[in-house]
Amino acid sequence: MAIQESYSVASNPVYHDKIPLHVLFAGESQTKPLHIVGPKIYDYYLLHYVESGRGMFRSEHHTYELGEGSCFLIHPGRLVSYASDANDPWRYRWTAFSGSEAQALADSAGFSGGQSVLYTSSDSLIPSSIKRIADAFYSKKESADMAALGYLYLIFSEAREILTSEIRLTGIESQVRRTVKQMIHYMSAQYAHPVSIEQMCESLGYNRAYLSRIFKKETGMSPVTYLLKLRIDKSRKLLRERPELSIEQVAASVGLTDALYFSRQFKRLCGHAPSHYRTLVAASPSSLHDCLY
């Protein structure tokens with residue numbers, strides 16, 4: 001039976017030229033046998049998901065034979081080509097995105113260092129997410145761009161889970177290092193709240209003594225010291241940029257509810273009381289020394 005070729009694409013009805021991450025369009029296609037695209041380059045990221053059939057994707061350094069459940073990400077500025085199989089031509093969905101944060105999104109998911117291909121499981125959310133991006137664009141609603149970004153993050157969340165799992169299996173990144181990164185991420189996200197190291201350990205599901213030991217080995221400091229220095233660094237920024245805030249408000253904003261304790265620790269680490277630090281910043285920012293760490 002002859003393959004019925006089809007093609008459809010929906011473009012984002014909303015465009016902001018200064019947005020850091022923007023989904024451009026999404027579509028789907030049943031290709032004909034030996035349908036070829038390229039060799040060519042794109043000026044945006046283009047992710048394909050193969051729903052059925054087979055084909056070949058060529059990057060600048062590798063050639064991949066791909067089938068159902070495979071994804072390939074085309075990076076901007078790279079010469080690529082891709083062709084459907086002669087006997088079982090592929091059907092795929094795709095979405096394109098760009099912006100100043102596009103590379104960071106791709107890199108954070110694991111699409112870096114020449115990594116362009118992803119193999120998903122049968123319950124992957126990627127094809128349905130691409131379809132929903134297209135549906136959002138077809139709706140022509142003002143919220144379509146926000147909905148598309150949400151689905152794009154779901155796609156790359158799944159990609160990251162798959163690719164980082166592969167990294168774990170090959171032993172490139174140790175479990176200890178991953179755990180320390182989780183601790184740093186937790187503290188960076190929660191420093192503004194009065195969280196404790198005990199709460200972090202409970203959240204991550206590890207014994208405090210174990211976490212303290214591996215954290216100090218990797219970073220050279222204890223989790224308590226790291227969290228305190230993080231809070232002091234954030235408070236310095238507030239003292240410089242938000243002169244209308246009181247010292248008590250600055251302390252509370254970095255998760256330290258005791259303003260007196262905050263002031264003591266700030267002076268110990270920076271050599272000045274918070275109020276004096278603020279005065280020095282206002283008088284002569286260039287003459288101010290960094291904190292003592």
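The values are calculated or read from the model by the stated rules, or taken from the named source; none is laboratory data. Here the structure is a predicted model, which means the values were calculated and not measured. Neighbour counts are summed over all protein chains in view; Cβ atoms, including those assigned to glycine, are modelled from backbone coordinates with ideal geometry. Note: areas computed on protein heavy atoms with side chains; ligands, DNA, RNA excluded. Shrake-Rupley method; radii C 1.70, N 1.55, O 1.52, S 1.80 Å.
A few points about this structure:
- Among (1) farther than 20 Å from Leu149 by Cβ; (2) out of contact with any Leu (no Cβ under 9 Å at 6 or more places or on another chain); (3) not small (Gly, Ala, Ser) - the single one Ile41 does not satisfy: (2)
- Tyr191 surrounded by 13 or more Cβ atoms within 10 Å (Cβ to Cβ), at pLDDT 85 or above, of a type in the set (Ser, Thr, Tyr) and closer than 30 Å to Gly113 by Cβ: no
- Candidates are the residues of region 44-58 that are out of contact with any Ser or Thr (no Cβ under 8 Å at 6 or more places or on another chain) and closer than 18 Å to Tyr151 by Cβ; the one that is surrounded by the most Cβ atoms within 10 Å (Cβ to Cβ) is His48.
- Scope region 229-262; condition under 16 Å from His272 (Cα atoms) and of a type in the set (A, V, I, L, M, F, W, C); matching residues: Ile232, Leu238, Leu239, Ile247, Val250, Ala251, Ala259, Leu260, Phe262
- Considering region 197-229, the residues that are exposed (fewer than 13 other Cβ atoms within 10 Å of the Cβ) and among the small types (Gly, Ala, Ser) include one that is farthest from the chain's Cα centre (by Cα), namely Ala209.
- The number of residues in region 87-143 that are over 14 Å from Ala159 (Cα atoms), in a helix (DSSP H, G or I) and in contact with a helix residue (DSSP H, G or I) (Cβ under 8 Å, 6 or more places away or on another chain) comes to 4.
- Considering residues of region 162-185 that are under 17 Å from the mean Cα position of the chain (by Cα) and at pLDDT below 80 only, the residue surrounded by the fewest Cβ atoms within 10 Å (Cβ to Cβ): Ser165
- Residues in region 15-36 that are open to solvent by less than 40 Å² (accessible area, probe 1.4 Å), more than 23 Å from Glu101 (Cα to Cα) and under 29 Å from the mean Cα position of the chain (by Cα): 1 in all.
- Residue within region 16-24 that is in contact with a Lys or Arg (Cβ under 8 Å, 6 or more places away or on another chain) and more than 21 Å from Glu161 (Cβ to Cβ) present: no
- The test for being open to solvent by 60 Å² or more (accessible area, probe 1.4 Å) and either within 22 Å of Tyr119 (Cα to Cα) or hydroxyl-bearing (Ser, Thr, Tyr) (or both) does not hold for Arg93.
- Top-ranked residue of region 5-64 - restricted to ones that are of a type in the set (Val, Ile, Thr) and not in a loop (DSSP other than H, G, I, E, B), ranked as nearest to Asp135 (Cα to Cα): Val9
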